[in-house]
Every structure is written in structure tokens, then in C-alpha cells.
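Take a look at the structure below.
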Amino acid sequence: MVQALNLDSPDSARTYSEAERDTLTSHLVELQQAVNEGKFSHLPFDTRVLCAFHGNIFRDVRGHAGRVRSQTFGQERLEFGGHPSLHRTEVESALRAVFQKVEAQIQDVLSNPEHEHYDKRAMRVAVWAHAELVRIHPFEDGNGRTARMISDYILIRLDMDPVPIAAVKNEYYVAMEAYILRRDESLLVDLYLRLSVEE
């Protein structure tokens, strides 16, 4: 039996009032619409985009909205699904590495739109960024939501449609667990590709 991998802080569901959950949902829907309309597509993937996404979701709900864990801010480590996040002193350098790699990969994929495996190459970039953000856990809460929104933003930049991953939550958790344990993104890529075809 597969245990659900909670990608956000373990107490997040219990610490938000019903009004706060409604606000978070409303903000998430607004951000999703803006991402789908390409309002962020002209921006490179960096701290500014990541913090803007998180900040938009959590504005008026939590004081940590848009604020990355760092040397002087946030819990030293977070736990999700029985896994530890990176230590807060490692978060900023790990994010810089992710931003650099993802931007290079986006440019590489875009440079060859006729590639026979364009969709798979594009999906791999979005999935890897998503999975790394979950592994790093840069924020006090909302890491899963923010990571899923970032993968949609990357797919839009690569001229692809967002993938409705919430529709297959348990399968997604199993695939994410494979990445967290073995850095194997193949199950996630296959899941995203299948969902993109079914959509």
C-alpha cells in the first residue's frame, strides 16, 4: 500500500481556517489563469518568478508569502512524506543551480522545435524543476502547490499545455516518491506525458 506523500508542511491542512483555505484556493485559481495566459512567459525562471508565484498564492494569508528559507529565516529543516528538506543554509545555492540548469534546458529545447522527441524533452525540463523544488522545499509551506505552478509556467514557455496532475493524486505521489528516493524522474515524465495526451 502506498502512503500519500504530503508535499507541503505536515500541519498545513490543520493550521488554515476555512476562510484562509478559500483565499488560498482563490489565489491559486487566479495565478493559474495568469500562467495559462502566458503573463509570466517573458520572464526567466529565477528567484523573482518563484517568489512571485508563492507570494501570490499566500498573500494576505501568511507572513512567509514569497519568502524563501535562508541562513536567517525559516525552519532549519522541514519534513514532507517522511523525507527531510534541504537545510535552510543550502536552499539559496540549490535554487541558483536549479534556475541555471532549467534556463539552459529551456533554451536548448526551444532551439530545436522540430526535434522528434520535443514533447518528452519539454516535459522532462518541467518535471525535473518541479521535483527539485519539492526536494529542496524552499518555503515554509506551499511547496507542492508552488512547484506544480512552476511546472505549468515552464510548459507554457515551451509552447505546451499545463498538465492537470491533481486528477491522479495517488499516482503522482508514487512517482514523486521515486524521485525523492532515487532521483528517478521517469515515472513523473511518463505520467505527465500520458496526462497531456489524455487532456
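The values are calculated or read from the model by the stated rules, or taken from the named source; none is laboratory data. No experiment lies behind these values; they were computed from the predicted model shown. Using ideal geometry, Cβ is built from the backbone for each residue, glycine included, and neighbour counts are taken over all protein chains shown.
Listed by first and then second residue, the pairs with beta-carbon distance under 8 Å, at least 6 apart or on different chains, first residue in the stretch 143-167 and in contact (Cβ under 8 Å) with a residue 60 or more places away in the chain, second of a type in the set (D, E, K, R), are Asn143/Asp8; Gly144/Asp8; Arg145/Asp8; Pro162/Asp152. Go through Leu24, Leu50 for me and flag whichever is farther than 18 Å from Arg135 by Cβ and either at pLDDT 95 or above or more than 19 Å from the chain's Cα centre (by Cα) (or both). Matching residue, one of Leu24, Leu50: Leu24. For Val61, the conditions (1) farther than 23 Å from Arg21 by Cβ; (2) touching a residue at least 40 places away in the same chain (Cβ under 8 Å) are fulfilled apart from (1). Going by the conditions given, is Arg69 touching a helix residue (DSSP H, G or I) at 6+ places or on another chain (Cβ under 6 Å) and either charged (D, E, K, R) or within 19 Å of Ala131 (Cα to Cα) (or both)? Spelling it out, Arg69 is indeed touching a helix residue (DSSP H, G or I) at 6+ places or on another chain (Cβ under 6 Å) and either charged (D, E, K, R) or within 19 Å of Ala131 (Cα to Cα) (or both). Of all residues in the stretch 53-64, count the ones that are under 18 Å from Leu133 (Cα atoms) and in contact with a helix residue (DSSP H, G or I) (Cβ under 9 Å, 6 or more places away or on another chain). Number satisfying all stated conditions: 6.
Apart from one condition, Phe45 fits all of (1) crowded, with 19+ Cβ neighbours inside 10 Å; (2) under 14 Å from Phe139 (Cβ atoms); (3) modelled with pLDDT of 95 or more; the exception is (2).
Matching residues to (1) surrounded by fewer than 18 Cβ atoms within 10 Å (Cβ to Cβ); (2) outside any loop (DSSP other than H, G, I, E, B); (3) in contact with a His (Cβ under 8 Å, 6 or more places away or on another chain):
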{"position": "Ile57", "(1), (2), (3)": "no, yes, yes"}
{"position": "Ala65", "(1), (2), (3)": "no, no, yes"}
{"position": "Gln75", "(1), (2), (3)": "yes, no, no"}
{"position": "Thr89", "(1), (2), (3)": "yes, yes, no"}
{"position": "Ser93", "(1), (2), (3)": "yes, yes, no"}
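State yes or no: is Val91 of a type outside the set (Ser, Thr, Tyr), in contact with a strand residue (DSSP E or B) (Cβ under 8 Å, 6 or more places away or on another chain), in contact (Cβ under 8 Å) with a residue 40 or more places away in the chain and on the phi < 0 side of the Ramachandran plot? In short, yes.
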